[in-house]
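S.K.: Pasting a structure here, questions to come.
Please treat every number below as a calculation from the coordinates, not as lab data. Keep in mind it's a predicted model, so treat the numbers as computed, not measured.
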Amino acid sequence: MAYYNKIGLLILNEDQTKFLVCEKASDDITSQYIMPGGQLQEKNYLECLRNEIKEELDCQVDETSLELIGEYEDIAAGHVNETVKITLYQGRLVGTPVPSSEIKKIHWIGKEERNSEKVSAIICHKIIPDLVEKGIIN
């Protein structure tokens, strides 16, 4: 069982070649790129996504666009002895994402970043390969 249980949101660019990731401050627990979203503390995934996306990206979630992509488990970013499970949904934002709260930068990355040290293990080892296999990202 994973030590951290998180809900993530996959936000694709228009041509589905890149997706949005977040970077926290260099003095935070990790500065590796992570998925937008957060630890499931609310009653359900929708509340979690609403709250976390508003906090991290200052946007709303287009709730009608949400689709479950899958569940992934790997080494937690910043915690090499612990695991994280991310339940990942794909969806669209209402508004333009801007870093806010603990998020200092946002980046758009594609499948070519699957070996980058800047990208968290779960994105490199699990999420990117699955998105490519499912044809979600080009």
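S.K.: So how long is each side of the chain along the principal axes, counting just the alpha-carbon atoms, biggest first, in Å?
M.R.: Its Cα atoms span 36, 32, 28 Å along the three principal axes.
S.K.: Here is a follow-up. Restricting to bridges with both residues inside region 4-133, how much of the DSSP beta-bridge set is antiparallel, in percent to the nearest 5?
M.R.: Beta bridges within region 4-133, antiparallel portion: roughly 75 percent.
S.K.: Please list the non-local residues whose amide H lies under 5 Å from the amide H of Val61, H modeled 1.01 Å from N, same-chain partners needing a gap of 5 or more.
M.R.: Excluding prolines and chain starts, which carry no amide H, the hits are Val94.
S.K.: Among the lysines, select those whose C-alpha is under 23 Å from the C-alpha of Lys24, and discard any that sit fewer than 8 residues away in the same chain.
M.R.: Lys6, Lys54, Lys85, Lys104, Lys105, Lys111, Lys118, Lys126
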